[in-house]
Each structure stands twice: as structure tokens, then as C-alpha cells.
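Heads up, the thing below is written out as C-alpha cells.
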There are 2 protein chains.
Amino acid sequence: MVKTLRLNRDRVLRAAIELADEIGLEQLSMRRLAQELDVVPMALYKHVANKDELIDGMLDMIVTEIDPPGPGAEWKPAVRQRILSARRAMLRHRWASRAIEMRQAPTPAILAYLNSVIGILRAGGLSANLTHHVMHALGSRVLGFTQELYTPGDAREAPDMTPFPHVLEIAMAAAHENDSIVGGGCDDQFEFEFALDVLLDGFERLKDQNWTSTPIRYG
Amino acid sequence: MVKTLRLNRDRVLRAAIELADEIGLEQLSMRRLAQELDVVPMALYKHVANKDELIDGMLDMIVTEIDPPGPGAEWKPAVRQRILSARRAMLRHRWASRAIEMRQAPTPAILAYLNSVIGILRAGGLSANLTHHVMHALGSRVLGFTQELYTPGDAREAPDMTPFPHVLEIAMAAAHENDSIVGGGCDDQFEFEFALDVLLDGFERLKDQNWTSTPIRYG
DNA sequence: ACCTGAACACCGTTCAAGT
DNA sequence: ACCTGAACACCGTTCAAGT
């Protein structure tokens, strides 16, 4: 590999994303990235302050991939569509959700995305109060991912499940349901949309009954 | 500190939990833990296979702190109570949720806990099919935590929010609501229970209408 | 202005050796 | 059986120096 181009922030971030796509976030190190760019580790520090700031920059690029909101639709399909688009971006870069989990403050691009989702909800008639709780309830799901407790596809050496018959039965229910899917695992996309729709339907119901957490005080 | 006791797995795990409670999971290293136990780093490897297995052991201890299920109640309050008890355990050890996020497979104690929650749902009349989707929809929330996108209390140097007016409005809604809370932050416990109840109510509705994801085929 | 080289203060984990 | 010491192959980041 010939060092043709001068280093710059954009080239560093793109190379970092590509590398993370390949080897995963855990394996991504400043030294490995420098090696990939055919440069000494310290050269990177001219363009990113440190590793945390590198990851922030990578995330900002990924989040910018999320489709812009479509033309005027109802709030529920509009939010649904944006979240499913965010999910597609996260699936293109499997390390991104873990990176977001690691960060403590949202990056500017994430703030812009959240701002737009909140805007859709408010324009759809949800009160500021309800919207606030709705955003908390969505949590990371608003960015298209959730924390799964078990990764069912990866049953390399499944532990003995006989002490946990209920878990086994539930796993069986999934396997039976998805004969079509190789390996009989869960349909993650279905599970994601299932939970999302339970939440969105719940929010709609609360909106329709003018739910609020601030009690109205008389007198 | 005098080395009075022989090392054993239990003592290693307890010291590791105590240390993580103090300095956080990020700062916990095999070397630091060894130092705390007044022992050379390699001595630990006689009692835990490696760092991952150490963290698994720590998690198993925390999860065992979760209250056992109370006597025969309706499935909804019973599940709710277990999840809120799990949440209390997680709040006692703030590093635990991050540790669970890092693991790829559930520990035995987590499996046992999940098994018991699934058992409550099944005994309450939810089908295996619905219960499967319900468990996915709960995700990490079943263990009492969720991935928040912003940590609102920690506004040490808040970025300029004028480009994100909707985010600002929502944050204001929270601040206005919680005059009582110092700093005007969100009431995390309220947010957690809000989302949990939206989900549980949604699940109950699906149960009552005999919802299933497997289409019934005629003929 | 941008890149380099050496060094610092750490990691997790191996191996062979001690008691 | 349990603990030790030295070493290996890594980290992120500093600093002073090069061009």
C-alpha cells in the first residue's frame, strides 16, 4: 500500500469505520489504524484528539447515513420509518450500537437526529410532557437497536438447558416458528418491529386520552 | 493490610465486586484487583480462568441478590415486582448493567432469573409464542436497566442546544416537572416504570385478544 | 504544519519455577 | 495445590525532535 494522500480527519474517520466494519470495535486500536494508514500511531493525533473523539467522529458519520424524514405523514408511520432507517444504518456497521452504548454524551449528529424525531412527535400532537417520557421509553431503540440478553444464533456450545425448561420452551417456540430461517434462530427484524409497535401503539393510546404525568392541581 | 486468609474464588469475586463498586468497571483490572488482595496478579488465575470469567462470576453474585418471586399474584404485578427488584440490584452496583451489555451469553444465574420470569408469564396464561416475543421486547429491561441515550444529570459542560430546539423543549418539560428533584433532572425511576407499564399493558392487550405471530393456516 | 521515534505507564496472559 | 517472577505481546498517550 502506497502512501499517496496526505492524512486528514475525513480520511482517518473513513479508514477507522472500514477497519471497524472488518475487525470489530474491540480490535480497533490507534496503533492498528495507524498501521492500516501506513503511518506512525502518533500521526493520528494531529487529526483526532484521542480515541474517544475518534469514535465520536465515526459515529457522527454513521448517524448521518440515516434517511431524512419523508414528506408529511402521520406521526406514527413517520417515526416508525425513521427508526427502521436508523436500524438499517446500525446493521451496516455492527459495531456502532456498542460504540453508542460506550459514549456518555450524544454526538452532534445524534442530537440532530433526536431533535428531528422529537419534532415529528410534537407536530403529531403529543404534548411536550408525553414526548419526554416517550423518548425515554424508546431509549436506544430510537436509534434502531436494543440490548438483547442472549444472542441466539451463536449457539456454538449451548449450556445444558434442562434446569431452565421455560427458557427452552420459548427458544423452541422460535425455532418452530421460523422453519424458513437457516439455523432456526429468531427473526430479529420481527422482534424489533414487534416491540416498537407495542410501544408506539401504547403512546398513541396515551395521547388519545390526554395522558400527562403532571397532575392538574385545582384551587 | 495483612494477608490473613487463603485466596479462594469467593473471596476473589467479593473483592472484585467491592472494587468495581468503588472505582468502576473500566478501572477494574486483574493487576489492580491482585494489588487489592495483596497478591501477585497471576495468583488470581488459580481461581478464575480469565477476566471474562471473573466478570461472569461477579454478575452471577449480583443477579442472585434479586428478590425471589412473591407468593401467587397476577402475572403482571408479579413480573413488575421482579423487574423492579432486579433494578434495585443494578442500582446497588452501577457497573453491573454495563458488564451485562459486554457479555455475549447469559450467565447461569441470569438464565435462572429469565427462566423464572418466563414461568410467571406462562402460568399467567400467555402462550409460548407471545411470551417469546414479550421477552425480546423487554430486552435488558427485564433485568432492570435500559440503554439511555443521554445522561441528563451530568450537564458539566452542556453543548450549545440552540440548533436542537425540540430537544431543549423536552429537557425543559422535565426540569419544570421535577422542581422537587435537585438539579431538575429526570426521575429515572419514573421513566423506567412508565416504559415498563406501557409494555406490560400492551402485552396484556395482546394476550386478551389471543394475538399470535404464527398465522393459522386453514385447509 | 505535519509527521516521527522513543519512552512512559499501563494491560491480559504464558510459561517455568518455586514452596 | 497454590503462589511467584519474569517475560511476551500488546495498549493509549506524552514529549521533544525532526522536516
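Every number in this text was worked out from the coordinates using simple rules, so none of it is lab data. None of these values were measured; they are calculated from a predicted model. Because the Cβ atoms are built from the backbone with ideal geometry, glycine has one as well, and the counts that use them run over all protein chains shown.
What average number of partner chain Cβ atoms lie no more than 10 Å from the Cβ of the residues making up B:125-138? Provide the component values of the computation, followed by the final result.
Numbers: counts 0, 0, 1, 9, 5, 2, 4, 10, 10, 4, 9, 15, 10, 3.
For this peptide, the per-residue mean of nearby foreign Cβ atoms is 6.
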If we hang a label 7 Å off Cα along the beta carbon direction at B:Arg11, how far is it from the matching labels on the other copies, in nm, shortest first?
5.7
Per q in 0.11, 0.19, 0.22 Å⁻¹, report the Debye log10 I(q)/I(0) for the range A:1-144, using one uniform scatterer on each alpha carbon and no solvent.
-0.48, -1.06, -1.31
Projected area averaged over all directions for the convex hull of the alpha carbon atoms of the protein assembly as shown, nm², comes out at 28.4
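Select from the range A:1-72 those trypsin sites (Lys or Arg not before Pro) which occupy a DSSP coil region and have at most 16 other Cβ atoms within 10 Å, ordered by residue number.
Numbers: sites: A:Lys3, A:Arg6, A:Arg9, A:Arg11, A:Arg14, A:Arg31, A:Arg32, A:Lys46, A:Lys51; in loops: A:Lys3, A:Arg6.
Listed in order of number, the matching sites are A:Lys3, A:Arg6.
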Measuring from the longest principal axis of the C-alpha atoms of chain B, the long axis of helix B:108-123 (C-alpha) lies at a number of degrees, nearest 10, equal to 20
So how much slack lies between B:Asp187 and B:Gln104, counting 0.36 nm per residue of separation and subtracting their Cα-Cα distance, in nm?
26.9 nm
Treating only the Cβ atoms of Lys and Arg (+1) and Asp and Glu (-1) as charged, compute the dipole magnitude of chain A about its Cα centre; round to the nearest 20 debye.
1200
Expressed in µm² per second, the diffusion coefficient of the range B:28-91 from the Stokes-Einstein equation, with Rh the Kirkwood radius over alpha carbon pairs, at 4 °C and 1.567 mPa s, is 92
Mind giving me the nanometre distance, one decimal, between the label points for A:Trp211 and B:Lys46, set 7 Å out from Cα along Cα→Cβ?
5.7
In nm to one decimal, list the spacings between the B:Arg88 label point and its equivalents in the other copies, with label points set 7 Å along Cα to Cβ, shortest first.
4.6
Counting only DSSP loop positions in the range A:1-101, the GluC sites (Glu not before Pro) whose Cβ has at most 13 other Cβ atoms within 10 Å are A:Glu26, A:Glu74
About the Cα centre, and with charges only on the beta carbon of Lys, Arg (+1) and Asp, Glu (-1), how big is the dipole of the range B:9-62? Nearest 20 debye, please.
260
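Dipole magnitude of the protein assembly as shown about its Cα centre, charges +1 at Lys/Arg Cβ and -1 at Asp/Glu Cβ only, in debye to the nearest 20? Walk me through the numbers before you get to the answer.
Values: 48 positive and 60 negative charges, 153 e Å.
Magnitude of the dipole: close to 740 debye.
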Using θ = phi - 60° and the Karplus curve 6.51 cos²θ - 1.76 cosθ + 1.60, what whole-Hz ³J(HN,Hα) does each residue of the range B:8-24 get, with Gly and Pro shown as x?
8, 4, 4, 5, 5, 5, 4, 5, 5, 5, 4, 5, 5, 4, 7, 10, x
Diffusion coefficient, µm² s⁻¹, Stokes-Einstein with Kirkwood Rh over alpha-carbon pairs of the range B:9-62 at 25 °C and 0.890 mPa s:
228
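Over 29 Å between C-alpha atoms is what I'm after, so list which of A:Lys76/B:Lys207; A:Lys51/B:Lys51; A:Lys207/B:Lys207; A:Lys51/A:Lys76 land there. Intermediate values should be presented prior to the final figure.
Values: A:Lys76/B:Lys207 23 Å; A:Lys51/B:Lys51 23 Å; A:Lys207/B:Lys207 22 Å; A:Lys51/A:Lys76 38 Å.
Result: A:Lys51/A:Lys76 exceed 29 Å.
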Per-copy distances of the B:Pro163 label point, shortest first, in nm (7 angstrom along Cα→Cβ):
5.2
Whole-Hz Karplus couplings 3J(HN,Hα) for the range B:134-141, θ = phi - 60° and coefficients 6.51, -1.76, 1.60, Gly and Pro as x, run 4, 5, 5, 5, 5, x, 5, 4
